[in-house]
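**Q** One structure, as structure tokens, below. Some questions next.
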Amino acid sequence: QVQLVESGGGLVQAGGSLRLSCAASGRTFSTYAMGWFRQAPGKEREFVAVINWKGGSTYYADSVKGRFTISRDIAKNTVYLQMNSLKPDDTAVYYCAADLEKATARVLEYDYWGQGTQVTVSS
């Protein structure tokens with residue numbers, strides 16, 4: 001089992017920045033990749049970014065490329081999402097997730113999920 005707890009969400013004006021954190025515990029040594037996803041009201045959960053836990057390679061959705069940065073601190077078992085130049089369209093509940101086998105953008109492939117943290121961007 002892997003437990004995930006997100007933090008760092010909040011209300012920010014358009015153009016501002018936030019940094020989300022996701023602390024992992026449990027069998028973290030078995031994690032292959034950590035991803036960030038988001039879900040806006042009335043919409044499906046969508047991929048934001050993923051990082052290979054050991055190698056550090058990253059991949060981003062086109063909608064956030066150049067604005068968001070995913071990183072991890074292996075010693076702290078924590079993954080981060082630095083979000084800059086935020087837009088109202090970025091408003092959503094943000095979730096982190098752990099995949100035991102691959103680094104993927106597919107929601108259904110992930111094995112463990114956090115409870116989510118709300119990000120609201122005002123115009």
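The values are calculated or read from the model by the stated rules, or taken from the named source; none is laboratory data. As the structure is a computational prediction, the values presented were derived from the model and not from experiment. Glycine also receives a Cβ, built like all others from the backbone with ideal geometry; neighbour counts cover every protein chain displayed. Please note that ligands, DNA and RNA were not included when accessible areas were found on the heavy atoms of the full protein model with its side chains. Shrake-Rupley method; radii C 1.70, N 1.55, O 1.52, S 1.80 Å.
**Q** Taking every DSSP beta bridge with both residues inside the chain, roughly what % is antiparallel (nearest 5)? Mind dumping the intermediate values first?
**A** On the way: 39 of 43 bridges.
Antiparallel bridges: around 90 percent, rounded to the nearest 5.
**Q** Something else about it: Compute, for the chain, the length of the dipole vector about the Cα centre, with Cβ point charges of +1 (Lys, Arg) and -1 (Asp, Glu) only. Units Debye, rounded to 20.
**A** Details: 13 positive and 11 negative charges, 46 e Å.
The dipole of the chain has a size of about 220 debye.
**Q** Only sites in a loop by DSSP and with at most 14 other Cβ atoms within 10 Å count here; which trypsin sites (Lys or Arg not before Pro) in the range 1-39 make the cut?
**A** Taking the range 1-39 and a limit of 14 other Cβ atoms within 10 Å, the loop trypsin sites (Lys or Arg not before Pro) found are Arg27.
**Q** So, one more: Pairs of lysines 8 or more apart, or on different chains, with alpha carbons under 24 Å: count those in the range 24-123, would you?
**A** Details: Lys43/Lys65; Lys43/Lys87; Lys54/Lys65; Lys54/Lys76; Lys54/Lys102; Lys65/Lys87; Lys65/Lys102; Lys76/Lys102.
Count of close lysine pairs: 8.
**Q** Roughly to the nearest percent, how much of the accessible area of the range 57-97 is carbon and sulfur, given a 1.4 Å probe?
**A** Numbers: 920 of 1980 Å².
That share works out to 46 percent.
**Q** Which residue, Val64, Gln118, Leu108, has the largest displacement toward the positive end of the dipole of the range 46-123 when charges sit on each Cβ (Lys, Arg +1; Asp, Glu -1)?
**A** Val64
**Q** May I pose another question? So, with +1 on the Cβ of K and R and -1 on the Cβ of D and E, and no other charges, what is the size of the charge dipole of the range 1-60 about its Cα centre, to the nearest 20 debye?
**A** Values: 6 positive and 3 negative charges, 20 e Å.
Magnitude of the dipole: close to 100 debye.
**Q** I need two numbers for the chain: Rg to one decimal and Dmax as a whole number, Cα atoms only, in Å.
**A** Cα radius of gyration and Dmax of the chain are 13.3, 41 Å respectively.
**Q** Next up: Of the chain, which part is the longest with no GluC sites (Glu not before Pro) in a loop (DSSP not H, G, I, E, B) and with at most 15 other C-beta atoms within 10 angstrom? Could the numbers behind the result be given before it?
**A** Values: sites that count: Glu44, Glu101.
Excluding the exposed sites themselves, the longest stretch runs over 45-100.
**Q** Sticking with this one: Per residue, how much accessible area does the chain have with a 1.4 Å probe, in Å²? Mind dumping the intermediate values first?
**A** Numbers: 6310 Å² over 123 residues.
Value for the chain: 51 Å² per residue.
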